[in-house]
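The values are calculated or read from the model by the stated rules, or taken from the named source; none is laboratory data. For clarity, every value in this text was computed on a predicted model and none was experimentally measured. Methodologically, a virtual Cβ is constructed for each residue, glycine included, from the backbone with ideal geometry; neighbour enumeration extends over all protein chains shown. Heads up: the accessible areas ignore ligands, DNA and RNA and are worked out on the full protein's heavy atoms, side chains in. Shrake-Rupley method; radii C 1.70, N 1.55, O 1.52, S 1.80 Å.
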Amino acid sequence: MATQTTTLPIRVAQARTLTVLPALSLWWREIVRFYRQRTRVVGVILSPLLFWIVIGSGFGTSFRSGGAGAEQHYLEYFYPGALIMIVLFTSIFTMMSVIEDRREGFLLSVLVAPVRRSAIVLGKVLGGATLAAIQGLMFLIFAPAIGIHIGMVQFGLVVLIVFLVSFSLTALGFAIAWPMDSTQDFHAIINLFLIPLWLLSGALFPLSGASGWVRLLMRINPLTYGVAALRSVLFPGSSVGDLPLGSSLLILTIFTIVIFVGAFVMASRRTTKPAA
């Protein structure tokens, strides 16, 4: 009995080692790998920036929101949506590395090593989420250009929201990429599913102004609550916020947990094989 009691902490420590160290290694590998590809870094930032400037300027004269005496230019309204677009692109496309790792044989070598599946999922997802959050927060340098001045409390909430969105979208990207052996199939799913997910998130138009069936789709879209929470923090005095901040954060947190568990379950069930 004494021997079992003594060996229990050792087993717990070994289990933590098998999870934490591999997860940190995969996390660091994702970050180094991404920032070595400078064209991808530039593209992730510049594409949403151009969207924000061109679309925001184009709709600027035809879109006004806010209460009396507090009209909001479309550049301001579209700013949270452009930031989420950066997070979306980075989160999803970093998970193409799952397919690339399988093709190169790296993923197979990790799977046959004495490493828990939870460590693989956590390391890959956390790495992609960290990259997406950093890229999204970098977009805040343009906030003063439209009159947004962020205090410490606001910045903390923005970091929380951006990280939750990043983590949930990266886990979603992992779940999509895991069963695939082709980057072409991955791109097809992205174009078919994830772009509409962003379009119906309230990034381009408010929930209150949408037609009935579109409003229903927006309400069941979890990304809507990330955009709404971010808009509530950045523009606390605006009446465009269709959803309360507390409710949006709660739904976003629940979605993040559910999608990560789903990614882990999918990774646990499927035994990967080398790409042909």
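Remarks
- For the stretch 129-135, 3J(HN,Hα) per residue [Karplus equation, 6.51 cos²θ - 1.76 cosθ + 1.60, θ = phi - 60°, Hz, x = Gly/Pro]: 5, 4, 4, 5, 5, 4, 4
- Here each label is just a point 7 Å from Cα along the line to Cβ, and for R29 and H149 those points are 4.7 nm apart.
- Where the stretch 132-261 is the region considered: accessible area per residue in Å², 1.4 Å probe: 44 Å²
- R36/T183 FRET efficiency (R0 22 Å; Cβ-Cβ; nearest 0.05): 0.75
- Calculated diffusion of the stretch 135-216, Stokes-Einstein form, Kirkwood radius summed over Cα pairs, 10 °C and 1.306 mPa s, µm²/s: 102 µm²/s
- Carbon/sulfur fraction of accessible area - the stretch 92-149, other protein chains in place, 1.4 Å, %: 69 percent
- For the pair I53 and E104, label points projected 7 Å from Cα toward Cβ lie 3.4 nm apart.
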